[in-house]
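Derivation of every value follows stated rules applied to the coordinates shown; laboratory data play no part. What you see is a predicted model; the values in this text were computed from it and never measured. Cβ atoms come from the backbone with ideal geometry, glycine included; neighbour counts cover every protein chain shown.
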Amino acid sequence: MTPPEIPKEYDAAQIETKWMNTWDASMYYFDWADHKRPQYIIDTPPPYPTGNFHIGNALNWCYIDFVARYKRMRGFNVMFPQGWDCHGLPTEVKVEETNKITKNQVPRAEFRKMCEDMTRGNIAKMRNTMLRLGFSNDWSNEFITMEPSYYVKTQRSFLKMYEKDYVYHEEHPVNWCPRCETAIALAEVEYRENKTKLNFLNFSLADGSDSGSEKVSIATTRPELLCACAAVAVNPQDARYGKYVGQELVVPLFGHKVPILADSDVDTSFGTGVVMICTFGDKQDIRWTKTHSLKITKAITRDGKMSADAGKYEGMGISECKAAIIEDLKKEGFLYDQKESDQNVGLCWRCKTPIEILSEMQWFIKVKQDEILSAADKVKWEPEYMKVRLENWTNTMEWDWCISRQRIFATPIPVWYCNKCHKIMIAEDSWLPIDPTHQNPPVPCSCGSSDFHGETDVFDTWMDSSLTALCVSGWDSGKELRFPTQLRPQGHDIIRTWAFYTILRSVAIENKIPWETIMINGMVLGTDGHKMSKSLGNVISPEDVLVEHSADAFRQWGASGGSVGSDIMFRWNEVVSASRFIQKIWNIYRFSLSNMDAFCEKDAAAFDVSKLKQIDRWLLSKLGAAVLEITGLMDSFQFSDAFKSIRQFAWDVLADNYIELVKGRLYGSNADEKEAARYTLYTAVSILSKLLAPFTPFLAEEMYSRIGSGSVHLQSWPEIGAFISKDAESKGELIKEITSAIRSYKSDNKMALNAPLKKIEIYNADVDIGDISNTVTSPVDLIKGDPDFAAVPIEVKPNMGLLGPQFRDKAGKIIGALKSLPPQEAEKMKEAGKITINIGGETIELSADAVEVKKELISNGREIDLLHVGEAVVVIVK
Ligand SMILES: [Zn+2]
Ligand SMILES: [Zn+2]
């Protein structure tokens with residue numbers, strides 16, 4: 001049978017498209033009924049459907065796909081689900097921008113529909129990119145959080161946590177974005193350094209109300225909150241102000257009286273050492289308001305305007321009010337100085353508007369720090385040091401998790417308020433999914449009234465996405481619960497959110513850790529080493545790479561560019577070198593197949609391994625060791641080193657050495673020897689395709705399609721440990737080195753590499769000489785023991801450089817006399833230390849270095865050259 005024609009050039013575009021359109025997606029489905037194989041469920045990140053599957057996503061998915069494909073081959077029942085985290089502000093903001101509206105200008109249902117439509121279109125685009133990159137997603141386990149089939153779970157989880165007393169409804173300070181008009185979580189606040197003015201104000205003491213009474217100076221960055229000033233505080237250790245504690249001050253412009261309190265948290269070095277406590281300038285204000293039970297004044301409204309409490313400033317924007325108040329303070333003589341000051345401002349993560357702290361009625365979930373920390377400790381972190389980030393974050397949490405948002409495109413909170421008795425009605429499980437904004441509870445309130453208003457607040461989107469681990473493992477689906485999952489892959493930028501909330505929820509709902517292992521991937525930086533951003537113009541998308549290169553080349557960049565946990569820079573030259581490696585593998589493959597004479601799986605199974613030659617065993621032992629090493633590296637997520645090892649085997653061991661050494665045998669006429677080389681090549685190429693399968697699935701499939709049956713992605717991970725042998729490796733190394741020494745010898749002597757030598761004898765080595773002889777195209781003998789040889793002097797060469805200057809006109813004669821000395825005699829005199837010659841009766845003594853004596857190696861009467869390779873001696877007969 002003639003082997004099928006294999007094209008010289010690897011046509012990645014054609015081959016990748018072919019497999020993308022041929023692969024049966026069901027080969028990647030998780031089998032819920034299978035209990036024999038161990039499960040390996042991956043709690044995949046549900047990307048935000050922006051329509052752009054960016055390069056950072058792509059890197060993370062490369063890692064996930066390497067693991068998923070590897071684990072399948074290792075016999076696991078793998079689930080690599082795909083979710084979409086649809087809800088939330090970015091989509092709402094985009095819909096508002098695209099349609100030039102705000103959410104309140106269209107009916108709720110219509111706005112929601114606009115968001116859903118945009119999301120569906122975006123999901124379709126991103127799904128395409130993922131397929132093009134060859135990810136082995138299990139599309140039978142896809143979830144879309146905006147669909148009722150998913151958000152019913154979010155609602156149910158809320159009921160469960162309510163029953164378990166994790167949920168409460170309360171007025172509490174929250175981080176608030178006045179532009180988005182919603183509460184946001186602490187994790188959604190971004191901090192930025194800023195310059196601001198510190199304003200120095202005089203407050204008068206309340207008792208000596210006549211003019212000229214004592215004044216206390218206070219420095220503040222937020223004079224616009226004067227109307228909400230509830231107290232003034234000094235440090236009890238501060239000798240300057242001790243006498244004032246217990247007295248009252250009059251607030252400038254507003255005239256209300258506030259107490260002067262002692263509090264050891266007051267920083268005596270900031271401003272004047274006296275602070276005003278307002279509701280709520282910052283978090284410290286909240287702590288003080290609480291410890292001193294101060295009155296709360298809501299100076300700022302939900303849309304970022306001054307409230308009625310601000311008196312004549314009512315309705316002004318915050319910065320507008322600030323300017324007006326500073327003007328008035330100056331006019332009235334309260335402001336006596338201004339200084340520049342550094343400020344750390346909290347911004348909304350989405351729209352970068354400075355956040356305010358408002359006291360609002362919201363829904364909260366209790367953050368039980370110990371529970372979270374102890375669960376985090378039971379999870380294996382890859383890399384280990386990432387755990388600290390979660391621990392630090394958990395330890396700094398001061399407030400519970402505010403889960404209600406004043407938005408629209410999110411999961412409805414299944415709650416109503418009775419208009420008669422004001423009691424809260426929580427939905428019952430059997431009513432779900434339900435949207436209280438347009439559905440009433442099917443039963444009346446306990447007071448008998450059926451007059452309700454539904455909750456219009458919606459859930460924080462992390463309420464949906466923190467359930468992924470539970471949802472993919474069958475929670476609330478009628479299927480068997482296969483919780484916890486085995487792996488959570490995610491970026492380090494969402495440890496404080498996604499990882500944190502998932503642990504919180506899993507422990508609260510199922511009292512279990514969500515995953516056995518969490519694998520953290522780094523971010524992708526631009527080619528300039530900076531974070532990719534539109535404004536820097538350094539954004540590269542996976543599609544950009546696919547224009548000139550292949551998905552397999554992109555994936556190799558992902559494998560070899562970095563390691564778990566660290567940020568990686570995008571480098572075009574790595575993609576170029578990845579493409580070259582694919583062509584190199586193709587050359588190896590093409591050579592092997594055209595010389596294997598259709599050697600197949602069946603032939604391999606029937607082959608008698610005792611026919612293998614030493615260099616075959618060497619290759620198979622090297623391959624066995626490589627497989628073992630790669631397996632260990634894959635188990636510990638060291639993709640970069642695993643791929644390096646594959647590359648090294650293919651390029652250095654197989655292509656540069658083995659193939660060169662067996663060409664002669666493959667082209668020769670000894671059937672048994674040929675068969676052994678074919679078996680070895682078949683085994684190497686077949687295993688190579690399997691090792692490559694997780695990394696370059698298209699190339700691997702194309703290779704395997706001509707040598708195996710079925711998809712390479714359904715094969716078992718290779719195992720050829722039986723061939724590992726120290727002895728085979730040392731013999732093979734010796735063959736390799738002897739061959740290479742002979743080739744260097746030819747090249748040093750300006751011979752063509754295929755020029756035959758008369759004869760080669762190898763002493764003191766136990767090696768197969770067939771492959772050496774073929775490779776160096778010369779007859780080779782293997783001889784026991786050491787060679788018998790001697791160095792025989794054959795020519796005397798006078799040292800002209802020395803003799804010329806010393807003897808001038810006599811030099812010619814001396815040189816003639818030296819040349820005519822018998823070489824044996826000259827050598828003897830040289831050894832004795834001086835050379836004596838006679839010229840016309842005159843005896844001249846010369847030093848030993850006056851001549852060189854050229855020698856020739858003679859073995860059994862033949863002229864030879866000697867090469868030493870380790871213990872072995874190679875005699876080249878001339
Ligand atoms: Zn905002
Ligand atoms: Zn009622």
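Between the helical axis of 671-692 and the longest alpha-carbon principal axis of the chain there is an angle of about 20 degrees.
Across q = 0.16, 0.17, 0.30 Å⁻¹, region 712-754 modelled as identical point scatterers on its alpha-carbon atoms has Debye log10 I(q)/I(0) values of -0.63, -0.65, -0.97, in the order of the q list.
With one equal scatterer per alpha carbon and no solvent term, the Debye-computed log10 I(q)/I(0) for region 606-747 at 0.11, 0.16, 0.18, 0.22 1/Å reads -0.43, -0.89, -1.09, -1.44.
For Cα pairs less than 8 Å apart in space and 6+ apart in sequence, what is the mean separation divided by the residue count of region 1-119, i.e. the relative contact order in percent? Value for region 1-119: 29 percent.
Each 5 Å bin from 0 upward holds the following percent of the Cα-Cα pairs of region 1-129: 2, 8, 13, 14, 14, 12, 11, 10, 7, 4, 2, 1, 1, 0, 0. Could you tell me which of rounded, prolate or oblate describes region 769-878, using a ≥ b ≥ c as the square roots of the eigenvalues of the alpha-carbon gyration tensor, with rounded for a/c under 1.5 and, failing that, prolate when a/b is larger than b/c and oblate otherwise? It is prolate, given that a/c is not under 1.5 and a/b is the larger ratio. Extent along the principal axes, Cα only, for region 302-411: 63, 37, 24 Å, with the longest axis given first. List residues of region 503-546, by number, whose backbone nitrogen lies under 20 Å from a label position 7 Å along Cα→C-beta of M20. 540-546, by backbone N distance to the label point. Set against the 2.2 N^0.38 Å expectation for a compact globular protein, region 429-509 has a Cα radius of gyration ratio of 1.46. Taking the Cα atoms only, what angle lies between the long axis of helix 551-561 and the longest principal axis of the chain, rounded to 10 degrees? Approximately 90 degrees, to the nearest 10.
Each residue, S430 and T353, gets one label point 7 Å from its Cα in the Cβ direction; the gap between the two is 4.4 nm. Principal axis extents of the C-alpha atoms in region 568-684 (largest first, rounded to whole Å): 52, 28, 23.
Between S307 and I300, T301, G315, the built amide H atoms are under 5 Å apart, and every one of these is 5 or more places off in sequence or on another chain. The Kirkwood radius of region 757-817, taken over pairs of alpha-carbon atoms, gives through the Stokes-Einstein law at 10 °C and 1.306 mPa s a diffusion coefficient of 101 µm² s⁻¹.
Dividing the radius of gyration of the alpha carbons in region 53-159 by their Kirkwood radius gives 1.06 for Rg/Rh.
Note on region 362-510: lysine pairs with Cα distance below 24 Å, sequence gap of 8 or more or different chains, count 7. Here the extension length gained between V443 and F807 equals 118.2 nm, from 0.36 nm per residue of separation less the Cα-Cα distance.
Going by amide H atoms built from the backbone, whose H comes under 5 Å of the H on I41, apart from near neighbours? Sorted by chain and number, the residues that satisfy this are M79, Q486, L487.
Can you give the Rg/Rh ratio of region 469-539, where Rg is from the C-alpha atoms and Rh is the Kirkwood radius?
Values: Rg = 16.6 Å, Rh = 14.1 Å.
Reported Rg/Rh (Cα atoms, Kirkwood Rh): 1.18.
Note on K758 and N538: the model spin-label points, each 7 Å out from Cα along the C-beta direction, lie 6.7 nm apart. The simple spin-label model puts a point 7 Å past each Cα toward its Cβ; for R743 and A239 those points are separated by 8.8 nm.
The 3J(HN,Hα) values that the Karplus relation (6.51, -1.76, 1.60; θ = phi - 60°) gives for region 624-638 are, in residue order, x, 5, 5, 4, 4, 5, 4, 4, x, 5, 5, 4, 10, 6, 8 Hz. Gly and Pro appear as x.
Work the Kirkwood hydrodynamic radius out for the chain: mean of 1/r over every pair of different alpha-carbon atoms, inverted, in Å.
On the way: mean 1/r = 0.0291 Å⁻¹.
With all distinct Cα pairs of the chain included, I get 34.3 Å.
Under 20 Å of direct C-alpha separation, and excluding same-chain neighbours fewer than eight residues apart, K164 reaches these aspartates and glutamates: D370, E371, D400, E428, D429, D460, D464, D476, E510. Under the shape rule built on the C-alpha gyration tensor, where the axes satisfy a ≥ b ≥ c, region 232-330 is prolate, since a/c reaches at least 1.5 and a/b is greater than b/c. By the helix-only formula, in which each DSSP H run with n ≥ 4 contributes -39500 (n - 2.57) and the sum is divided by residues, the chain has a 222 nm mean residue ellipticity of -11500 deg cm²/dmol. Among rounded, prolate and oblate, which fits region 487-625 when a ≥ b ≥ c are the square roots of the eigenvalues of its C-alpha gyration tensor, a/c under 1.5 means rounded, and a/b larger than b/c means prolate? Oblate shape, in that a/c is at least 1.5 and b/c is the bigger or equal ratio. The residue list S473, C418, L487 was ranked by how far each Cα lies along the charge dipole of region 407-546 toward its positive end, using unit charges on Cβ atoms, and L487 comes out on top. Along region 435-448 the Karplus relation, 6.51 cos²θ - 1.76 cosθ + 1.60 evaluated at θ = phi - 60°, assigns HN-Hα couplings of 10, x, 6, 9, 10, 8, x, x, 10, x, 5, 4, 7, x Hz to successive residues, with x for each Gly and Pro.
For M800, what is the net charge nearby, where nearby means another residue's Cβ is under 14 Å from its Cβ and Lys, Arg count +1, Asp, Glu -1? Local net charge: +3. Under a 5 Å amide H cut-off, with hydrogens placed 1.01 Å from N, L198 pairs with K339, E340, S341 among residues at least 5 apart or on other chains. For region 433-459, the residues whose amide N sits under 11 Å from a probe point set 7 Å from the Cα of R108 along the beta carbon direction are 435-440, 453-458. Compared with the alpha-carbon gap, the fully stretched path from N419 to W399 is longer by 4.2 nm at 0.36 nm per residue.
Neighbours of S592, meaning other residues whose beta-carbon lies under 12 angstrom from its beta-carbon, give a summed charge of +3 when Lys and Arg score +1 and Asp and Glu score -1.
In terms of its Cα atoms, region 648-732 spans 35, 29, 22 Å along the principal axes, sorted from long to short.
Here the Karplus curve 6.51 cos²θ - 1.76 cosθ + 1.60, taken at θ = phi - 60°, turns the phi angles of region 166-180 into couplings of 8, 10, 8, 10, 7, 7, 7, x, 9, 6, 10, 9, x, 7, 6 Hz, with x standing for Gly and Pro.
Expressed as an acute angle from 0 to 90° and rounded to the nearest 10, what is the orientation of the C-alpha long axis of helix 148-163 relative to the principal long axis of the chain? Its long axis makes an angle of about 60 degrees.
Of K663/K746; K305/K331; K663/K878, which pairs sit farther than 21 Å apart, going by alpha carbon to alpha carbon?
On the way: K663/K746 19 Å; K305/K331 24 Å; K663/K878 26 Å.
Correct reply: K305/K331; K663/K878.
List the trypsin sites (Lys or Arg not before Pro) in region 377-438 that DSSP assigns to loop (not H, G, I, E or B) and whose Cβ has at most 16 other Cβ atoms within 10 Å. Which are they? Working shown, then result.
Working: sites: K378, K380, K387, R389, R405, R407, K420, K423; in loops: R407, K420, K423.
Hits after loop and neighbour filter: K420, K423.
Over the chain, what is the mean sequence separation of C-alpha contacts under 8 Å (at least six apart), divided by residue count, expressed as relative contact order in percent? That works out to 12 percent.
Counting Lys and Arg as +1 and Asp and Glu as -1, each charge on the Cβ, what is the dipole of the chain about the Cα centre in debye, to the nearest 20? Display every interim value, and only then the final one.
Values: 102 positive and 120 negative charges, 214 e Å.
So the magnitude is around 1020 debye.
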